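FYI, it's all coordinate maths here, none of it is from the lab. Predicted model, so just to flag it, every value in this text is computed and none were measured. So basically every Cβ, Gly included, is an ideal-geometry build from the backbone, and we count neighbours across all protein chains shown.
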């Protein structure tokens with residue numbers, strides 16, 4: 001079974017924003033942005049993109065799938081690392097051009113390929129007229145060199 005989504009083009013503004021039709025508005029590259037949040041803590045784990053196939057597989061299997069822009073291919077989150085994301089809930093914003101996915105992060109609890117729980121482990125710090133990144137101290141839960149070695 002392959003899920004299909006409603007085409008947003010013929011929908012009125014009101015139907016898109018207040019209706020019940022799931023009509024994701026993919027961008028010119030066929031992608032929609034997804035913010036992934038941990039169930040329970042509501043901590044932002046990562047930001048990624050989905051194409052229609054990744055979105056359909058995510059909804060069909062209950063496991064997060066994304067489109068890797070850097071690799072140019074479909075990506076089942078955790079396929080290599082074992083850090084699968086079990087989907088609890090998928091939400092869309094008002095005009096259906098962005099998604100928030102609530103997940104249970106499995107494995108060691110690391111959503112980031114660097115081995116950390118979250119991809120957002122650095123903060124921007126302004127000093128005078130320059131900006132640097134400061135590590136927040138989020139520990140590595142696994143060694144990426146061991147997990148992703150060929």
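Treat the count of other C-beta atoms within 10 Å as a stand-in for reagent exposure and order 113, 49, 13 from fewest to most. Intermediate results must be reported in sequence, preceding the final value.
Working: 113 15, 49 20, 13 8.
By the 10 Å Cβ count, ascending, the order reads 13, 113, 49.
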The Kirkwood hydrodynamic radius of the chain, taken as the inverse of the mean 1/r over all distinct Cα pairs, in Å, comes to 16.8
Size of the range 77-150 as Cα extents on the principal axes (Å, biggest first):
43, 41, 20
At R0 = 22 Å, FRET efficiency that the Cβ-Cβ distance of residue 98 and residue 136 yields, to 0.05
0.35
When the Cα centres of the range 1-35 and the range 44-113 are compared, how far apart do they sit, in Å?
17
Evaluate the distance, in nm, between pseudo-label points positioned 7 Å from the Cα of residue 148 and of residue 1 along their respective Cα→Cβ axes.
3.5
Please arrange 148, 121, 66 by counting, for each residue, the other beta carbons lying within 10 Å of its beta carbon, fewest first.
148, 121, 66
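Based only on Cα atoms, what Rg/Rh ratio does the range 3-49 have, Rh being taken as Kirkwood's radius?
Working: Rg = 13.6 Å, Rh = 12.7 Å.
My calculation of the ratio gives 1.08.
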I'd like to compare 41-47, 128-134: which one has the highest average count of other Cβ atoms within 10 Å, and what's the full order after that?
41-47, 128-134
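Quick one: of the DSSP bridges fully inside the chain, what percent are antiparallel, nearest 5?
80
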With runs of 4+ DSSP H residues as the only contributors, calculate the mean residue ellipticity of the chain at 222 nm using -39,500 (n - 2.57) per run, divided by the residue total and rounded to the nearest 500.
-3000 deg cm²/dmol
Taking Cα atoms, the helix 52-61 axis meets the longest principal axis of the chain at an angle in degrees (rounded to 10) of 80
Counted neighbours (other Cβ, 10 Å), sorted fewest up, put 74, 84 in the order 74, 84
